[in-house]
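A.B. asks: First the structure, which I've put down as structure tokens, then a few questions once you've had a look.
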Amino acid sequence: MISDELPSDWQQQANKYLVNSNYAKAINLYEKAITANPQNKSYYWQLGLILLLKGQEEEAQTTWLLGMADGEAEEVELWTEELIQVLATEANRQLTKQNGSIAWVIRQHIREINPTDINNLLQLIDLSIALKNYTGEQLTEYKIIELLENNTVIEVNQNLLLHILKKLLVYDPKSLSSIEFSSVAIPRIEERNTLVNSLIPAIYQIAYSFAAVGVAKKYTELLLNVAPENRELLRTVAQFCVELTDYTLGLEYAEKSYSLSIDIHEKVISHFQVCRALITSRGADQKVKETLDRQESLIQALAAEPPQKLSTVAMRLYNMGFFFPYARDCPEKNLKIRSQLAQICQLNLETACQEQTSKYSQRLNKKNNVSSQTKPLKIGYLSHCLRRHSVGWIARWLFTYHNRDKYEIYAYLQGAENRNDSLQQWYINQATKAHVYGIVSTEVAEDIYEDEIDILIDLDSTTLTNSCSIMAMKAAPIQATWLGWDASGIPTIDYYIADPYVLPENAQDYYPHKIWRLPQTYVAVDGFEVSVPSLKREDLGIPSDAVVYFTAQRGFKCNPDTARLQMKILKEVSNSYFLFKKFGESDVLSELLIDIAESEGISSDRLIPIEEVALEEIHRANLGIADIVLDTYPYNGATTTLETL
């Protein structure tokens, strides 16, 4: 029975008032409806909701309780479900109107009504992250981890659970609560491939944008628990293990991935991780050279029948020949391999990104003569190393001395999100315009295109495959590689910047890019900051009158043949010592150096491993302990050489 005071369409009117936030009029209609028909429980749910939206939370709760006061247990349970549905519907409506804070309040009331509604709790986490009031404590406060861990019959929205997993890995990956949540949430996701493919980009972001490789490894291992033969996961965790100097475990994961690989392109990618684990842990010894020979054979098999439907997966192939220069002095052969790989990548990338590359090409064809412009040239620098990194320390002088009347400087910093780095901030401040990205970014080429860059300088080469794919898109009319590494072989790069000394005279015979030789040197610095040394001779037991040799080479730069020559030098110089960087807990390289020294009749007491230091400024100060710094071969030093000089 409806009161004569209520029009026949009163519910439509009330809903209209609700949608237009005219809560007082909507409340008036529902109060009259309850007076006329107090047994219709839905009126109580709606009235309470409107009171809640009006900010009268106590009155809302009282209204809902009043509606349930005369019910039996089974009825109350049914009514509670009805009320929750009403509230959830309104929370979703508010969210579509971008009223996240109101949706959050409504869902908090759902939580009070049913504190074990896991999907509502997950929605609350999502809203908290969006509203930037998430602290990490909510997972514990709401007992979400406990619910997922102990209640196996609980029905969880799979898409929502995966969504929250991804959100936490992006927003708060390093907190213990996020890791614990992931450990109980991951096993509940039934679609394993979707799970892995969704989380892998975030895991790489954790490793390289948050600089938390150890944390990234934990997440990867959680995924491996549910997908133990997923080759992508095995390769990823192998890479992390090697970076954390757990070489033995890294090699095990890499070899397992390789053994499970079927397609030739995947064999190449998996076997590369085998090469990485071996050469990083033991240098370019005979076993490593044999492994690299196998890698070359795999690459040649791939080049013989290049795949054409790899899509963007092909970009992983760019650096599959990365370790050859560290093991052999064959630049022509090494560059040919890189060029073959780059051609395969180009073929697949242009197919996968045809619309984008076509758009860039059309504009570039209209902009043939850059030099005819009277306005300042726009020069873009693309790198993941414009920070406290060798490239970052060296390239800053170019940024410092650019003629700002003639050039506008644009910086495209990859892997720079979530990084607190003073030198990175310096680059951002120096640039006319700076873009900051995560380690996996798809919008970089488009930004370069929109910025109308005239000359794009790549400082990464094959040290970052994402940079390779950006250069392959050809978003700028002139593209060149400088400083970061040797030439990539990418066909869309026009120039490789060098000088009269760093490359031999006949280098143009085998370089696919035109070599642009600067007249004096391809790199120059004004110096480096130096701190207080952490090393003293007396602390290391070295006499003050001793001759100290030092090498700062990383694991894969260590070459047993070169090390033997270094030991021969040591043998010829009495009262001399050899300092080298320790290579991790599983220190096969240190043992190798000691074995070589002893085979040359040199006591291991004259070989002194030193620990890594936290800051480059301390490392430079520590160079002062040495009388002579020994260079590496076949891959020579660069930054350390400049720092020493």
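The values are calculated or read from the model by the stated rules, or taken from the named source; none is laboratory data. All figures in this text were calculated on a predicted structure; none of them were measured in a lab. Cβ atoms come from the backbone with ideal geometry, glycine included; neighbour counts cover every protein chain shown.
A.B. asks: Any idea which residue in the stretch 560-589 is modelled with the highest pLDDT, counting only those that are under 14 Å from Asp285 (Cβ atoms) and surrounded by fewer than 17 Cβ atoms within 10 Å (Cβ to Cβ)?
C.D. replies: Kept after step one, since they are under 14 Å from Asp285 (Cβ atoms), are these residues of the stretch 560-589: 560-564, 583, 588-589.
Among the residues that remain, those that are also surrounded by fewer than 17 Cβ atoms within 10 Å (Cβ to Cβ) are: 561, 564.
Values: Asp561: 91, Arg564: 94.
Ranking the qualifying residues of the stretch 560-589, first place goes to Arg564.
A.B. asks: With respect to Ala487, determine if the residue is in contact with a strand residue (DSSP E or B) (Cβ under 9 Å, 6 or more places away or on another chain) and farther than 18 Å from Gln343 by Cβ. Break it down stepwise before answering.
C.D. replies: On the way: in contact with a strand residue (DSSP E or B) (Cβ under 9 Å, 6 or more places away or on another chain): yes; farther than 18 Å from Gln343 by Cβ: no.
The answer is no for Ala487.
A.B. asks: If Ile154 passes every condition in (1) assigned to a helix (DSSP H, G or I); (2) of a type outside the set (S, T, N, Q); (3) at pLDDT below 95 but one, which one does it miss?
C.D. replies: Unmet condition: (1).
A.B. asks: Tell me, yes or no, whether the stretch 448-462 has at least one residue that is buried (at least 18 other Cβ atoms within 10 Å of the Cβ) and at pLDDT below 95.
C.D. replies: Within the stretch 448-462, none of the residues are buried (at least 18 other Cβ atoms within 10 Å of the Cβ) and at pLDDT below 95.
A.B. asks: Another one. Filter the stretch 338-362 for residues that are surrounded by fewer than 21 Cβ atoms within 10 Å (Cβ to Cβ) and β-branched (Val, Ile, Thr) and give the result.
C.D. replies: Thr351, Thr357, listed by residue number.
A.B. asks: Could you list all residues from the stretch 277-320 that are of a type in the set (Lys, Arg) and in contact (Cβ under 8 Å) with a residue 60 or more places away in the chain?
C.D. replies: Within the stretch 277-320, Arg282, Arg316 meet the criteria.
A.B. asks: Hey, any hits in the stretch 499-515 for a residue that's on the phi > 0 side of the Ramachandran plot and in a loop (DSSP other than H, G, I, E, B)?
C.D. replies: No: zero hits.
A.B. asks: Name, by its number, the condition in (1) under 21 Å from Ser467 (Cβ atoms); (2) not in a strand (DSSP E or B) that does not hold for Ala411.
C.D. replies: It fails just one condition, (2).
A.B. asks: Could you identify the single residue in Ala212, Ala216 that is under 15 Å from the mean Cα position of the chain (by Cα), surrounded by 22 or more Cβ atoms within 10 Å (Cβ to Cβ), outside the structural domain of Gln273 (by TED's automatic domain parsing) and more than 20 Å from Cys275 (Cα to Cα)?
C.D. replies: Ala216
A.B. asks: Something else: Can we say Ile299 is assigned by TED's automatic domain parsing to the domain that holds Leu233, closer than 26 Å to Gln508 by Cβ and either touching a Cys at 6+ places or on another chain (Cβ under 8 Å) or modelled with pLDDT of 95 or more (or both)?
C.D. replies: When the stated conditions are applied, Ile299 passes them.
A.B. asks: Moving on to the next point. Being free of Cβ contacts under 8 Å to residues at least 12 places away in the same chain and out of contact with any Phe, Trp or Tyr (no Cβ under 8 Å at 6 or more places or on another chain), is that true of even one residue in the stretch 453-476?
C.D. replies: No, because not a single residue in the stretch 453-476 is free of Cβ contacts under 8 Å to residues at least 12 places away in the same chain and out of contact with any Phe, Trp or Tyr (no Cβ under 8 Å at 6 or more places or on another chain).
A.B. asks: Just checking, which of Glu266, Glu221 is among the acidic types (Asp, Glu), buried (at least 18 other Cβ atoms within 10 Å of the Cβ) and either assigned to a helix (DSSP H, G or I) or at pLDDT below 95 (or both)?
C.D. replies: It is Glu266.
A.B. asks: Residue by residue through the stretch 197-218, note down the ones that are touching a helix residue (DSSP H, G or I) at 6+ places or on another chain (Cβ under 9 Å) and part of a loop (DSSP other than H, G, I, E, B).
C.D. replies: Phe210, Ala212
A.B. asks: Answer yes if at least one residue in the stretch 113-133 is touching a helix residue (DSSP H, G or I) at 6+ places or on another chain (Cβ under 8 Å) and over 25 Å from Ser182 (Cβ atoms), and no otherwise.
C.D. replies: yes
A.B. asks: Test Phe240 against the criterion of being assigned to a helix (DSSP H, G or I), aromatic (Phe, Trp, Tyr) and over 18 Å from the mean Cα position of the chain (by Cα), and give yes or no.
C.D. replies: no
A.B. asks: Right, here's the next one. Residue check, Glu529 against (1) over 23 Å from the mean Cα position of the chain (by Cα); (2) charged (D, E, K, R); (3) crowded, with 16+ Cβ neighbours inside 10 Å; (4) under 26 Å from Gly415 (Cα atoms), all met but one. Which one?
C.D. replies: Unmet for Glu529, out of (1) over 23 Å from the mean Cα position of the chain (by Cα); (2) charged (D, E, K, R); (3) crowded, with 16+ Cβ neighbours inside 10 Å; (4) under 26 Å from Gly415 (Cα atoms): (3).
A.B. asks: Filter the stretch 442-468 for residues that are assigned to a loop (DSSP other than H, G, I, E, B) and either touching a helix residue (DSSP H, G or I) at 6+ places or on another chain (Cβ under 8 Å) or at negative phi (or both) and give the result.
C.D. replies: Selection gives Thr442, Glu443, Asp451, Ile453, Asp454, Leu459, Asp460, Leu464.
A.B. asks: Could you say which residue among Ser461, Ser441 is under 23 Å from the mean Cα position of the chain (by Cα) and under 23 Å from Ala638 (Cβ atoms)? I'd like the intermediate steps shown before the answer.
C.D. replies: Values: Ser441 fails: under 23 Å from Ala638 (Cβ atoms).
Among Ser461, Ser441, only Ser461 is under 23 Å from the mean Cα position of the chain (by Cα) and under 23 Å from Ala638 (Cβ atoms).
A.B. asks: Sticking with this structure for a sec: Those residues that are assigned to a loop (DSSP other than H, G, I, E, B) and charged (D, E, K, R), I need them from the stretch 98-151; list them, please.
C.D. replies: Listed by number, the residues that qualify are Asp117, Lys132, Glu137, Lys143.
A.B. asks: Among the residues of the stretch 163-178, which ones are surrounded by fewer than 20 Cβ atoms within 10 Å (Cβ to Cβ) and either assigned to a helix (DSSP H, G or I) or out of contact with any helix residue (DSSP H, G or I) (no Cβ under 6 Å at 6 or more places or on another chain) (or both)?
C.D. replies: Restricting attention to the stretch 163-178, the residues satisfying the condition of being surrounded by fewer than 20 Cβ atoms within 10 Å (Cβ to Cβ) are 163, 166-167, 170-172, 174-177.
Hits for the stretch 163-178 are His163, Lys166, Lys167, Val170, Tyr171, Ser175, Leu176, Ser177.
A.B. asks: Given the criteria under 26 Å from Ile125 (Cβ atoms), outside the structural domain of Arg387 (by TED's automatic domain parsing), more than 17 Å from the chain's Cα centre (by Cα) and touching a residue at least 40 places away in the same chain (Cβ under 8 Å), does Leu160 qualify?
C.D. replies: yes
A.B. asks: Identify the residue in the stretch 405-431 that is more than 18 Å from Val391 (Cβ to Cβ) and in contact (Cβ under 8 Å) with a residue 40 or more places away in the chain and, among all such residues, is surrounded by the most Cβ atoms within 10 Å (Cβ to Cβ).
C.D. replies: So the residue we want is Asn418.
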